[in-house]
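To start, the structure under review is shown below, and the notes come after it.
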Amino acid sequence: MFQVEATEGKARAGRLETARGRVLTPCFMPVGSRGVVKLLSAQDLDDLGVQVVLANTYHLMLRPGVDVVGAMGGLHRFSGWEGHFLTDSGGYQVMSLPCSLDDDGVTFRSTYDGSWHRLTPEGAVAAQEVLGADIQMVLDVCTELPATRAALVEAGERTLAWADRARQAHTRADQLLFGIVQGGVAADLRAEYAERLVAIGFDGYAIGGLSVGETPAETIAALGVSTKNLPASNPRYLMGVGDPVSLLRAIGLGVDMFDCVLPARLGRHGSALTNGGRLHLKAARYAKDGSPLDAGCNCPVCQRHSKAYLRHLYNVGEPSAGRLVSLHNLAWLTALVGRARQAVLDGRFGALCDEVAAVWGPPAPPGQRGDLGNPPAPGDAGQPSPAGAPARAGPTSTI
């Protein structure tokens, strides 16, 4: 299922075989919570060489509903995307949105209409089986940091119990099931929970609960402990981290898969990722700049449009500005991870890390899910709406 083709230190280049096909690693997965990467089409993803898109069970079970997606033939037919889908179970929403936790599951409020719903470990598996994801995640409890040790233990123990229930509930042989390691920044908890998760047995292992309020140094330390205690024979997935230096540092610790809202979110808000660093395109200095976003980028945006033109689109409120720069950002970050894979194969991964760090510097303080410290815009996927929460009522649906 997973084969390591080459290593350099702990960094590795590999390939993951699924019922759908092959995923080359390291791999960056853009976030398409509602079954779409914001502003981009399935054709865009094909053209950019995207291998996996992350969709979110929480959002899809609320709108349009798991039954609707299932009736349309699953996520792939529904969205027109024939690449791989990985579906998150909704564990991050457990932390970030109003909810009530107990040992059996979580009752949460819909970000759309304020109604309350119920999700259990078995229900999350069943929903993802209907959605038709190629890789599904167990339901976990993600704790915002800093947190007390008691809170980390409670979340970690509950995550393990839910993981065991999810493993028993999983029935589709054509879907891979990944477990999730929690434990905050406590090294002993990370090690223990990784070992206990491996004892349950999963197709792959995710490292969750990081880039949620801790320092970059704490992130790297907790990540190192986690990967050290996960088997080399399975893929490792770091959830919600996407800034360039953190990506490469994580690859250097043996991580294979990543997701983040970074490329599309920055594109919507006027920032571009480049080999020269991050560009704030709304700045006046680009008003007459006829050069592309990145002279070394082969994406269709860089081949055709100038910084001046893109700045103009932002300034007049043209929606295509966000779309074009999102396209570029995803192309750039996908290419960076591709360069990391090739560097491991060629034995020059360390040199690539030095090259990128010289431009980008150390990782920025974590913001939302590793997004270079940028707070989410109201209404972004997975974030609370500005409206206040209604009075709590009983769940209106249970999965």
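How far apart, in nanometres, would the label points at Ala161 and Asn298 be if each is projected 7 angstrom from Cα along the Cα-to-Cβ direction?
5.3 nm
According to a simple spin-label model (label point 7 Å from Cα along Cα-to-Cβ), what is the distance in nm between Glu82 and Tyr309?
Taking the simple label geometry, Tyr309 and Glu82 are separated by 3.1 nm.
When the label point is put 7 Å from the Cα of Arg348 along its Cα-to-beta-carbon vector, which residues of the stretch 238-263 have a backbone N closer than 20 Å?
Under cut-off, by backbone N: 245, 248-249, 251-252.
Give the list, by residue number, of cysteines in the chain with no other Cys Cβ closer than 4.7 Å, or say none.
Cys27, Cys99, Cys142, Cys260, Cys299, Cys353
Between Met1 and Ala217, take the C-beta separation as r, use R0 = 45 Å, and let me know the FRET efficiency to the nearest 0.05.
Using R0 = 45 Å, I get an efficiency of 0.85.
Starting from 0.36 nm per residue, how many nanometres of slack lie between Ala284 and Ser41 once their C-alpha separation is accounted for?
Working: separation 243, 0.36 × 243 = 87.48 nm, distance 3.06 nm.
Length difference between fully extended and current span is 84.4 nm.
Around Gly32, which amide H atoms from residues at least 5 apart in sequence, or from another chain, sit under 5 Å from its own amide H, with H modelled in the peptide plane?
Residues meeting the criterion, in which the H sits 1.01 Å from N, are Leu54, Ala55.
Would you please give the FRET efficiency between Ser100 and Ser233, computed as 1/(1 + (r/R0)^6) with r the Cβ-Cβ distance and R0 = 30 Å, to the nearest 0.05?
Numbers: r = 38 Å, r/R0 = 1.27.
Efficiency, from the Cβ-Cβ distance: 0.20.
Under a cut-off of 19 Å between alpha-carbon atoms, report the lysines in cross-link reach of Lys288, not counting same-chain residues fewer than 8 places apart.
Lys307
Please report Cys27, Cys353, Cys299 as a ranked list, fewest other C-beta atoms within 10 angstrom at the top and most at the bottom. Show your work: numbers first, answer last.
Numbers: Cys27 24, Cys353 18, Cys299 21.
Ascending Cβ contact count within 10 Å gives the list Cys353, Cys299, Cys27.
Mind giving me the FRET efficiency for Ala71 and Gln168? R0 is 35 Å, r the Cβ-Cβ distance, nearest 0.05 is fine. The partial results should precede the final answer.
On the way: r = 27 Å, r/R0 = 0.77.
Efficiency for this residue pair is about 0.80.
On a full-extension model of 0.36 nm per residue, what is the gain between Glu355 and Ser291, subtracting their alpha-carbon distance, rounded to one decimal in nm?
Working: separation 64, 0.36 × 64 = 23.04 nm, distance 2.26 nm.
That pair, Glu355 and Ser291, stretches by 20.8 nm at full extension.
Would you list Ser226, Ser233 from fewest to most Cβ contacts within 10 Å? It would help to have the intermediate numbers written out before the result.
Details: Ser226 29, Ser233 9.
With the fewest neighbours first, Ser226, Ser233 line up as Ser233, Ser226.
What share of all Cα pairs of the stretch 267-360, in percent, falls into each consecutive 10 Å distance bin?
17, 47, 25, 11, 1
Extent of the chain along each principal axis, from alpha carbon coordinates, in Å, largest to smallest?
The Cα atoms of the chain stretch 59, 47, 41 Å along their principal axes.
Identify which of Ser326, Ser211, Ser291 has the largest mean-square fluctuation in a Gaussian network model of the chain, with springs joining Cα atoms closer than 10 Å.
Among Ser326, Ser211, Ser291, the largest mean-square fluctuation in the Gaussian network model of the chain belongs to Ser291.
How far apart, in nanometres, would the label points at Glu144 and Arg63 be if each is projected 7 angstrom from Cα along the Cα-to-Cβ direction?
Result: 2.3 nm between the two label points.
Pop out the ³J(HN,Hα) list for the stretch 285-297 in order, Karplus 6.51 cos²θ - 1.76 cosθ + 1.60 with θ = phi - 60°, rounded to Hz; leave Gly and Pro as x.
5, 9, 4, 10, 8, x, 7, x, 4, 8, 4, x, 9
Each value in this text was obtained by applying a stated rule to the coordinates, not by laboratory testing. Keep in mind that this is a model prediction, so the values were computed, not measured. A quick note on method: Cβ atoms are made from the backbone with ideal geometry, for glycine too, and the neighbour counts reach across all protein chains shown.
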